[in-house]
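Quick notes on the structure that follows.
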Amino acid sequence: MDRLRLGVNIDHVATLRNARGGVHPDPVSAALLAQKAGADGITMHLREDRRHIRDNDIFAVKQAIHIPLNFEMAATDEMVSIAEKLRPNAACIVPEKREELTTEGGLAVAGAEARLSPLIDRLKQADIRVSLFVDADEAELQASAAIGADIVELHTGSYCDAATTEQREHELSRIVTGASIASHLGLEVHAGHGLSFDNVGNIAEIPEIVELNIGHFLMGVAIFTGLDEAIISMRSLMEKARQS
Ligand code: PXP
């Protein structure tokens with residue numbers, strides 16, 4: 001089984017910084033600490049409203065780290081132009097509505113090919129791997145492969161937020177099936193959203209998934225135990241699940 005990589009999303013370091021409008025805590029320091037603690041990549045979402053990460057943050061982090069940068073972005077010309085300058089390892093296209101608290105639901109790829117295709121082509125021409133953040137639905141996975149994505153990141157939000165055991169099992173089985181379909185379509189499979197110490201194990205066990213992107217929970221734990229310990233604990237749970 002492929003080693004499971006952990007991408008650490010540091011958006012909420014910037015959320016905390018922006019709450020006071022100053023320079024602390026610094027996302028670059030967080031990225032370097034995450035790298036030292038065993039993160040395999042850094043993920044940052046430059047939202048259209050710049051509510052947390054700002055333009056200079058992504059360029060400063062890209063320059064400071066030696067692990068891959070996964071740039072989360074909306075499907076807009078503005079964001080593609082920034083990606084072309086930034087040259088991250090991967091660009092993950094996510095749906096974005098200004099009023100939402102976080103990324104709710106996956107990107108609608110099926111039916112949006114005409115709008116997404118030119119943006120994806122530009123990213124690929126800039127040698128950026130293209131990832132699409134989608135729900136684990138066969139139609140979305142088929143459309144993602146057909147449109148030329150390299151990677152799909154399966155949205156784990158419904159699994160993480162499930163109110164009952166039955167619902168959680170149903171959502172988990174959708175992700176298991178989706179990971180298998182995506183892999184058969186030749187897509188690299190990632191997963192993320194809402195993952196925590198309690199729910200990461202079942203996702204980490206899915207053999208086709210090679211990367212998890214985790215942010216909010218890690219930052220919350222970091223307040224109590226430090227970011228390095230939060231990352232080391234998450235990595236160890238991921239590895240334990242992978243071996244089981
Ligand atoms: N993956 C994607 C594509 C996301 O949009 C997010 C949230 O920004 C995450 C992973 C991380 O989610 P969380 O902060 O809930 O761990």
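Answer yes or no as to whether G105 is modelled with pLDDT under 95 and either more than 17 Å from the chain's Cα centre (by Cα) or aliphatic (A, V, I, L, M) (or both). Give the steps one after another, and end with the answer.
Values: modelled with pLDDT under 95: yes; either more than 17 Å from the chain's Cα centre (by Cα) or aliphatic (A, V, I, L, M) (or both): no.
Here the answer is no, as G105 does not meet what is asked.
Note on region 231-243: residues that are touching a residue at least 40 places away in the same chain (Cβ under 8 Å) and either among the small types (G, A, S) or assigned to a loop (DSSP other than H, G, I, E, B) (or both) amount to 1. Within region 15-40, residues that are farther than 15 Å from A222 by Cα sit with their Cβ atoms under 6 Å from residues that are in a helix (DSSP H, G or I), at 6+ positions apart or across chains, in these pairs: V28/A60; V28/V61; V28/A64. The lone criterion from (1) under 17 Å from the mean Cα position of the chain (by Cα); (2) more than 14 Å from the ligand (Cβ to nearest atom) left unmet by A139 is number (1).
Selection over region 100-119 of residues that are within 21 Å of N213 (Cα to Cα) and either more than 16 Å from the ligand (Cβ to nearest atom) or free of Cβ contacts under 8 Å to residues at least 60 places away in the same chain (or both) gives a count of 8. Could we say that A75 is in contact with a strand residue (DSSP E or B) (Cβ under 6 Å, 6 or more places away or on another chain) and in a loop (DSSP other than H, G, I, E, B) here? Yes, satisfied.
The residue of region 1-28 that is nearest to the chain's Cα centre (by Cα), among those that are modelled with pLDDT of 95 or more and in a loop (DSSP other than H, G, I, E, B), is I10. If only residues of region 148-171 that are under 17 Å from E208 (Cα atoms) and in contact with a Ser or Thr (Cβ under 9 Å, 6 or more places away or on another chain) are counted, the one that is nearest to the ligand (Cβ to nearest atom) is E153.
Scanning region 32-56 for residues that are within 16 Å of the ligand (Cβ to nearest atom) and part of a loop (DSSP other than H, G, I, E, B) yields A39, D40, L46, R47, E48, D49, R50, R51, H52, I53, R54. Within region 58-86, the set of residues being within 16 Å of the ligand (Cβ to nearest atom) and not β-branched (V, I, T) comprises P68, L69, N70, F71, E72, M73, A74, A75, M79, A83. Taking region 159-195 as the search range and keeping residues that are among the small types (G, A, S) and under 15 Å from the mean Cα position of the chain (by Cα), which one is surrounded by the fewest Cβ atoms within 10 Å (Cβ to Cβ)? Step by step, filter region 159-195, then rank; the result is G194. Remark: pairs (first residue in region 152-172, closer than 13 Å to I203 by Cα; second residue aromatic (F, W, Y) and at pLDDT 95 or above; Cβ separation under 7 Å; 6+ apart in sequence or on different chains) = E153/F133; H155/F133; R168/Y159; E171/Y159; L172/Y159.
When region 201-244 is limited to residues that are aliphatic (A, V, I, L, M), away from the ligand (no atom under 15 Å from the Cβ) and in contact with a Gly (Cβ under 8 Å, 6 or more places away or on another chain), the one that is nearest to G7 (Cα to Cα) turns out to be I232.
The values are calculated or read from the model by the stated rules, or taken from the named source; none is laboratory data. Please read all numbers here as calculations on a predicted model, not as lab measurements. Quick reminder, even Gly has a Cβ in these numbers, built from the backbone with ideal geometry, and neighbours come from all protein chains shown.
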